[in-house]
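The values are calculated or read from the model by the stated rules, or taken from the named source; none is laboratory data. These numbers come from a predicted model, not from an experiment. Ideal geometry is used to build each Cβ from the backbone, glycine not excepted, and the neighbour counts take in all protein chains shown. The accessibility values were calculated without ligands, DNA or RNA, using every heavy atom of the protein model including side chains. Shrake-Rupley method; radii C 1.70, N 1.55, O 1.52, S 1.80 Å.
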Amino acid sequence: MLELRPTCEHCNKALPPASPEARICSYECTFCATCVETVLRNVCPNCGGGFTPRPIRPRTEWRPGLSVAKRPPSDKRVHLSYSLQDIQAHSERIAAIAPEQR
């Protein structure tokens, strides 16, 4: 089950469970669409992988025990530990490589 982290790890923008702006990498690093597109160039600053839209957990309990109310999102805020210069260099080094080649 995904954590559904509450904010962008770069700009701290709120990303509630139903946000269409949330993007995650395969390790569930979480960023907003704006940061992914304009700062990170679709390169995760942690693992170097790409991003995909984060799925939305249903509000309605269509199956017993499976809803945002029964399985709430995380309240754990994660923040990048890299400088903007380091992030830019990392993205620059990896962005030109096709995602399936990374």
In vacuum, with every alpha carbon of region 3-54 counted as one equal point scatterer, what does the Debye formula give for log10 I(q)/I(0) at q = 0.13 Å⁻¹? Two decimals, please.
-0.22
Top of 52, 38, 30 by mean-square fluctuation, Gaussian network on the chain, Cα under 10 Å:
38
If ligands, DNA and RNA are left out, what is the accessible area of residue 81 with a 1.4 Å probe, given in Å² to the nearest 10?
100 Å²
Sequence order, region 48-53: Karplus ³J(HN,Hα) from phi using 6.51 cos²θ - 1.76 cosθ + 1.60, θ = phi - 60°, Hz rounded, Gly and Pro as x, gives x, x, x, 10, 9, x
With 0.36 nm assigned to each residue of separation and the Cα-Cα distance removed, residue 14 to residue 97 gains 26.9 nm
Rounded to the nearest 10 Å², the accessible area of residue 102 using a 1.4 Å probe with every protein chain kept is 90 Å²
Can you give the charge dipole size of region 2-52 about its Cα centre, rounded to the nearest 20 debye, using +1 on the beta carbon of Lys and Arg and -1 on the beta carbon of Asp and Glu?
80 debye
Which angle between 0 and 90 degrees, to the nearest 10, do you get for helix 84-95 versus the longest principal axis of the chain when only C-alpha atoms count?
90 degrees
Out of 18, 31, 80, whose Cα points farthest toward the positive end of the dipole of the chain (charges: +1 Lys, Arg; -1 Asp, Glu; placed on Cβ)?
18
Summing -39500 (n - 2.57) over the DSSP H runs of n ≥ 4 in the chain and dividing by its residue number, what mean residue ellipticity at 222 nm do you reach, to the nearest 500 deg cm²/dmol?
-5000 deg cm²/dmol
Relative contact order, percent, of the chain when contacts are C-alpha pairs under 8 Å separated by at least 6 residues?
30 percent
With every protein chain in place, the accessible area of residue 39 for a 1.4 Å probe, in Å² rounded to the nearest 10, comes to 40 Å²
Here FRET efficiency (C-beta to C-beta, residue 66 to residue 28, R₀ 25 Å, nearest 0.05) is 0.85
Ranked from the most accessible area to the least, with a 1.4 Å probe and all protein chains present, what is the order of 63, 23?
63, 23
Give the calculated FRET efficiency between residue 88 and residue 3 to the nearest 0.05, with a Förster radius of 22 Å applied to their Cβ-Cβ distance.
0.25
